[in-house]
Amino acid sequence: MTEHVPNAENLMNITSRPPIIFERGEGSYLWDTSGEQYLDFIQGWAVNSLGHSPQLLSNAITRQAQKLITPSPAFFNAPSLHLAKQLSDLSCFDQVFFANSGAEAVEGAIKLARRFGELHRNGAYEIVTFDGAFHGRTLATMSASGKREFETLFAPKVPGFPKAVLNNIASVEQAITGKTVAVMLEPIQGEAGVRPATDEFLQQLQMLCSAEGLLLMVDEIQTGIGRTGKMFAFEHAEISPDIMVLGKGIGGGVPLAALLAKDAVSCFKHGDQGGTFNGNPLICAVGSAVVECVADAGFLQTVSKSGEYLCDGLSVLSRKFDLGNVRGRGLLVALDVAGYDANNIVSIAMQHGLLINAPRPDTLRFMPALNVSLREVDECIALLDKVLCKTNTLRAA
Ligand SMILES: *Cc1c(COP(=O)(O)O)cnc(C)c1O
């Protein structure tokens, strides 16, 4: 990239970014400073549940900002009480701790499980996690993750996260010792390339955890809040976990995350957990607006229908270009592109005005706004068709 982005040298260079600056967004579209339009099927990494800058959220932000931004985490505020009640009414969980990022919520879940182990399981602290898992970028959540690229980073790792193999219950049984307090997983491994835990596996885990007295913890940061066509992805398997973490889509674009637990597991003592911005009214008011909108049965049904429509379109392309598997649930969808360089497809797609992402070198991921229209899905498929033709030509050349 030879183009120069002014002041880019003042941002820590943590990743390679294309030399454009996004200026404005509306629904499924983004515009850069030169006026180019992009159809956005990344949406802030499955974050903008209702698309870019929806009226509902700008109203919620403005209304709350004019009333009260934050009184301090040492005091109650109405929006956090309201959002906690909404989440508990919608789920099998009773108590909520709000956080500012997914990793912070997972970090809190790890602490809660360890506290539970200390109180009820003779100091057991190990949490079985899975190969390929992604739980965040703090030291403990990187240690809990099963990403091969993380293995050698930032030694020494936080101990206590033995790994098992997804959809292999025997591997979980083998990982359990007298020190185990919990099992934690993503119902669908998002960063690993949209790799689902099967409903049967989730049910087996639930039975195993009940039999062994272990906590079942689900990381629904990517799958929760309607993304898979149910409010929470674990509902597909009809299980009832003990702890859940939410992030990404719950804020509709603002930094909000949550740790939820059943009463029997909510065992933090005063001083164990907290944070300056946690549960502030400005952000919780936005979360409430998102949750109220998404929880509507008609809205969730539309997510499932749009997801099927997207999968159908991708399957046609997969056959046409001899690509590979299409998988996902609701609007968390992947297309395997074995034999192609997925990152190359992503950058050609961007030149064609389509934003998609490659969680792995051979996998494309699609995570549009939950209220994406079928016409926008058609547009995505048509653009991707053009991109794949172009990629094919490049390969032939
Ligand atoms: C994104 C993600 C996280 C981390 O959330 P941050 O807000 O980036 O800290 C954790 N778990 C899963 C499943 C995620 O998709």
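Scan the chain and report its longest stretch carrying no GluC sites (Glu not before Pro) that are both in a DSSP loop and have at most 10 other Cβ atoms within 10 Å.
On the way: sites that count: Glu3, Glu238.
The longest uninterrupted stretch comes out as 4-237.
Annotation: extensible slack from Thr198 through Ser16 equals 62.1 nm (criterion: 0.36 nm per residue apart, minus Cα-Cα distance). For a straight C-alpha distance cut-off of 20 angstrom, the lysines reachable from Lys269 (same-chain residues fewer than eight places away being disregarded) are Lys111.
The relative contact order of the range 10-116 comes to 12 percent, based on Cα pairs under 8 Å that sit 6 or more residues apart. Placing unit charges on the Cβ atoms of the charged side chains and taking the dipole of the chain about its Cα centre, the candidate lying farthest along the positive direction among Gly229, His82, Ile69 is Ile69.
Taking trypsin sites (Lys or Arg not before Pro) across the range 188-275, the ones in a DSSP loop with at most 13 further Cβ atoms lying within 10 angstrom of their Cβ are Lys269.
Determine the gain in length on full extension of the stretch Ala155-Lys85; use 0.36 nm per residue of separation and subtract their C-alpha separation, reporting nm with one decimal.
Values: separation 70, 0.36 × 70 = 25.20 nm, distance 4.02 nm.
Between Ala155 and Lys85, full extension yields 21.2 nm more.
Ignoring ligands, DNA and RNA, what accessible area per residue does the chain give at 1.4 Å, in Å²?
Working: 18130 Å² over 397 residues.
For the chain, the solvent-accessible area averages 46 Å² per residue.
Within the chain, the selection of entire DSSP H helices by a Cα span of 24 Å or greater along the long axis and an average Kyte-Doolittle value of at least -0.5 returns 102-120, 297-321, 374-396.
For Lys67, list the lysines whose Cα falls under 28 Å from its own Cα; do not include residues on the same chain fewer than 8 positions away. Partners within reach: Lys85, Lys248. Shape class of the range 1-148 from the alpha-carbon gyration tensor: oblate, with a/c at 1.5 or above and b/c at least as large as a/b. Of the chymotrypsin sites (Phe, Trp or Tyr not before Pro) found in the range 84-165, those in coil by DSSP whose Cβ has at most 12 other Cβ atoms within 10 Å are Phe154. Under the shape rule built on the C-alpha gyration tensor, where the axes satisfy a ≥ b ≥ c, the range 89-221 is rounded, since a/c falls short of 1.5. Seen through its C-alpha gyration tensor, with square-root eigenvalues sorted a ≥ b ≥ c, the range 241-376 comes out prolate because a/c lies at 1.5 or above while a/b is bigger than b/c.
Based on the Cα coordinates of the chain, what is the per residue volume of their convex hull in Å³?
Numbers: hull volume 62.1 nm³, N = 397.
Expressed per residue, the convex hull around the Cα atoms of the chain is 156 Å³.
Ignoring ligands, DNA and RNA, please state the percent of accessible area on the range 175-259 from carbon and sulfur, probe 1.4 Å. Reported share for carbon and sulfur atoms: 50 percent. The solvent-accessible area of Trp45, taken with every protein chain present and a 1.4 Å probe, is close to 90 Å².
Given contacts defined as C-alpha pairs under 8 Å and at least six residues apart, what's the relative contact order of the chain, whole-number percent? Present the calculation step by step, with values, prior to reporting the outcome.
Details: 790 pairs, mean separation 85.3, N = 397.
It rounds to 21 percent for the chain.
Our note on the geometry: Cα centres of the range 299-368 and the range 8-73, 22 Å apart.
The values are calculated or read from the model by the stated rules, or taken from the named source; none is laboratory data. From a predicted model like this one, the values you see are computed outputs, not experimental measurements. Note that we place each Cβ from the backbone using ideal geometry, even for glycine, and neighbour counts take in every protein chain shown. Each accessible area value is taken on the protein alone, full model and side chains, heavy atoms only, with ligands, DNA and RNA left out. Shrake-Rupley method; radii C 1.70, N 1.55, O 1.52, S 1.80 Å.
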